[in-house]
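Single-structure report; data block below.
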Amino acid sequence: MSHDQQYPVVNQPQAYGAYGAPTSPSPQQHLMGPPQHVGGDQQWMPKPNGGNCPPGLEYLTQVDQILVHQMVEILEMFTGFETNNKYVVKNSVGQKIFFAAEDSGCCERYWCNNLRSFEMNILDNFGNEVIHIHRPLACQSCLYPCCLQKIEVSAPPGNVIGTIEQEWSIFPRFKVKDVSGNVVLKIEGPFFPCSCCGTDVNFEIFSSDGEQKVGKISKQWAGMLREMVTDADVFGINFPMDLDVKMKAVLLSACFLIDFMFFEDKQNSRNQN
């Protein structure tokens, strides 16, 4: 999507609080209806009309770039105890599209750290869950090809639309599959996926045969202070405008898996030093 294209600003403050987070304590409670507003206006992308796609994915039909901002957790910064991750998903002009909230057990977060299993609830601006991600507990080392990473993506929840599967390789490589198990896209990252000295880390998106580059998932440099004291990361995702909207949702889900696998354990590592 062109950066010159402008969307009208829509204020819908009834759905979220001052920092884009749900005002109720649990993401599941949003399924019962929009929570009451507790302060702060939010700028949301207006919902496009029509579209032959799962409910809530209409927002993805008119974008070729999305930004994913992990929210800073104050408790995690000062105690080092891993908390459930929360993310705000925006379009290229900064309007909010989704809010994503991790649901995992505290014991697993402590003992398994970034390898932990989780459910990820992705909500629209009315608090409805439009995408659900399931990640089982698994190893990510290329030394164990029988137990590699995999996530399952549903939209709406209960209706599987695709999966992300890690390949057995010394490089970070993933297959993006549709609901029938067909490989639609491939993702390949650098040998040493580390963000340092103001550089971005790019995970390139290729066609199913691996020949044509069609986009990328970038872990963006967030600034020296933020990189040093928190694992709240910033990602950018680029894909073709005419890509199947379900595959756009699966690529968004791949961004969360990449964050957990390669960037989520920074805070834990600092506290062990």
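The values are calculated or read from the model by the stated rules, or taken from the named source; none is laboratory data. Please read these numbers as outputs of a predicted model, since none were measured by experiment. Ideal geometry is used to build each Cβ from the backbone, glycine not excepted, and the neighbour counts take in all protein chains shown. Side chains are part of the model used for accessible areas, which takes the heavy atoms of the whole protein and leaves out ligands, DNA and RNA. Shrake-Rupley method; radii C 1.70, N 1.55, O 1.52, S 1.80 Å.
Going by the structure shown, is residue 93 at pLDDT 85 or above and either in contact with a Leu (Cβ under 7 Å, 6 or more places away or on another chain) or not in a loop (DSSP other than H, G, I, E, B) (or both)? No.
Beta carbons closer than 9 Å, at least 6 apart along the sequence or on distinct chains, pair a first residue in region 178-191 that is buried (at least 17 other Cβ atoms within 10 Å of the Cβ) with a second that is part of a strand (DSSP E or B) and acidic (Asp, Glu) for 184/178; 186/204; 187/204; 188/204; 189/204.
If I filter region 90-102 for residues that are over 24 Å from residue 236 (Cβ atoms) and of a type outside the set (Val, Ile, Thr), do I get at least one hit? No, region 90-102 has no match at all.
Scanning region 70-86 for residues that are crowded, with 19+ Cβ neighbours inside 10 Å and in a loop (DSSP other than H, G, I, E, B), we see that the one that is modelled with the highest pLDDT is 85. Would you confirm whether any residue within region 158-169 is more than 18 Å from the chain's Cα centre (by Cα), open to solvent by 20 Å² or more (accessible area, probe 1.4 Å) and in contact (Cβ under 8 Å) with a residue 40 or more places away in the chain? Yes, some residue in region 158-169 is more than 18 Å from the chain's Cα centre (by Cα), open to solvent by 20 Å² or more (accessible area, probe 1.4 Å) and in contact (Cβ under 8 Å) with a residue 40 or more places away in the chain.
Per the conditions (1) assigned to a loop (DSSP other than H, G, I, E, B); (2) modelled with pLDDT of 90 or more; (3) within 27 Å of residue 117 (Cβ to Cβ), the sole criterion not satisfied by residue 186 is (1). Scanning region 96-116 for residues that are open to solvent by 50 Å² or more (accessible area, probe 1.4 Å) and at pLDDT 90 or above yields one hit, 103.
Restricted to region 206-260, and to residues there that are open to solvent by less than 10 Å² (accessible area, probe 1.4 Å) and among the basic types (Lys, Arg), the residue that is modelled with the highest pLDDT is 248.
Results for (1) assigned to a strand (DSSP E or B); (2) within 21 Å of residue 69 (Cα to Cα), shown as yes or no for each residue.
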position: 88; (1), (2): yes, yes
position: 101; (1), (2): yes, yes
position: 107; (1), (2): no, no
position: 113; (1), (2): no, yes
position: 120; (1), (2): yes, yes
position: 133; (1), (2): yes, yes
position: 137; (1), (2): no, no
position: 157; (1), (2): no, no
